[in-house]
Structures are given as structure tokens and as C-alpha cells.
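Visitor: Sharing a structure with you now.
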Amino acid sequence: MGKVSRFEDLEVWKSARSFSKLIFDITLKISFSKDFSHKDQINRSSGSIMDNIAEGFERGGNKELIQYLFIAKGSAGEARSQLFRALDKAYINQEEFNLLESKSQEISKQLSGFINYLKNSEMRGEKYVKEPIEDYSTSPSNFES
């Protein structure tokens, strides 16, 4: 795996973003949109996948990233469970369910692969780099308008 400097470059984050958008679009259907609690819950859990990947990445260490990837994996499972409820309530049809359930499974597999990669990696994250890093973020000129 090449060096990734932004969470936006992670394929798993891109997959999670796409999944979250598909979930949002499906909840706009009339039948689904009237069940406010289910609609909100499935949107929150699907969005939580991408958000936890981003938060873990931004913490700068593998241990933290792995922890947040596991949380994201849990959110993928939660969203998948909610898809079953949506199917049972006839908010989505079998074809929509199959597509979304497959995408959530794919994301879970991507997350598992990424977790295993990080667990076996020699790298421990940017916050453990020994070389001095120029800190331009606290320069007074960066706070002037």
C-alpha cells in the first residue's frame, strides 16, 4: 500500500461515502421518509462508517486508527441490520436490499483487510515519526487575516 496522506484517498472511505449516499437516496422514497426514526437511524449509521474512518485516520496513529476502523465496521453491521428492517417493512424491495446489503458487506471486508494490514505493518503512524516536522500551523502569520 502506498503512502496515503489524506483519509479522502482511502478506497474504504470512498466506498463508505458512496454507500452513505445510496442510503440517503433510498430514504427519500415516500414510504421510507415517513418513518423518521428509522430513516434517521440508518442515515446516521451509514454516515458513521465514513466519519469513523476519517476520525481514526486524523488521530495520526495506527492504534487509534484500528480502534476507529472497528467502530466503523460496527456501524456497517448496524446499517446492514437496519436494511433488513427496511425490507421487512417494505420500505425497500428485494433488489434494493441486495445491492445495499452487498455494498455493506464489501465495506466490512475492506475494513477487515485494512485492520489486518495495519496490525501487521511496521509503521505506527505519523505521530510516532522521529524526524522533526516543520510546524507551520502555529505560525502567527497563519492566524492573520
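Visitor: Here's a check for you: in the stretch 21-43, which residue that is within 21 Å of E106 (Cα to Cα), among the hydrophobic types (A, V, I, L, M, F, W, C) and free of Cβ contacts under 8 Å to residues at least 60 places away in the same chain is surrounded by the most Cβ atoms within 10 Å (Cβ to Cβ)?
Guide: Filtering first and then ranking leaves I42.
Visitor: Here are L65, L69, L87: which of them is aliphatic (A, V, I, L, M), free of Cβ contacts under 8 Å to residues at least 60 places away in the same chain and crowded, with 20+ Cβ neighbours inside 10 Å?
Guide: Going through L65, L69, L87 in turn, the sole match is L69.
Visitor: Here's another thing I want to ask about it. Name the residue that is modelled with the lowest pLDDT, counting only residues in the stretch 111-128 that are in a helix (DSSP H, G or I) and hydroxyl-bearing (S, T, Y).
Guide: Ranking the qualifying residues of the stretch 111-128, first place goes to Y128.
Visitor: Right, something else. Got a sec? Which of S18, S46 is exposed (fewer than 15 other Cβ atoms within 10 Å of the Cβ), in contact with a helix residue (DSSP H, G or I) (Cβ under 8 Å, 6 or more places away or on another chain), modelled with pLDDT of 95 or more and assigned to a helix (DSSP H, G or I)?
Guide: Result of the check over S18, S46: S18.
Visitor: Suppose we keep only residues that are part of a helix (DSSP H, G or I) and of a type in the set (A, V, I, L, M, F, W, C) within the stretch 92-110. Which one would you say is farthest from I26 (Cα to Cα)?
Guide: Ranking the candidates gives I107 first.
Visitor: If you go through the stretch 97-111 one residue at a time, how many are touching a helix residue (DSSP H, G or I) at 6+ places or on another chain (Cβ under 6 Å) and in contact (Cβ under 8 Å) with a residue 40 or more places away in the chain?
Guide: Residues that pass the stated criteria total 6.
Visitor: Is it true that F97 is surrounded by fewer than 20 Cβ atoms within 10 Å (Cβ to Cβ) and over 16 Å from the mean Cα position of the chain (by Cα)?
Guide: Here the answer is yes, as F97 does meet what is asked.
The values are calculated or read from the model by the stated rules, or taken from the named source; none is laboratory data. Everything quoted here is computed from the prediction, not taken from an experiment. So basically every Cβ, Gly included, is an ideal-geometry build from the backbone, and we count neighbours across all protein chains shown.
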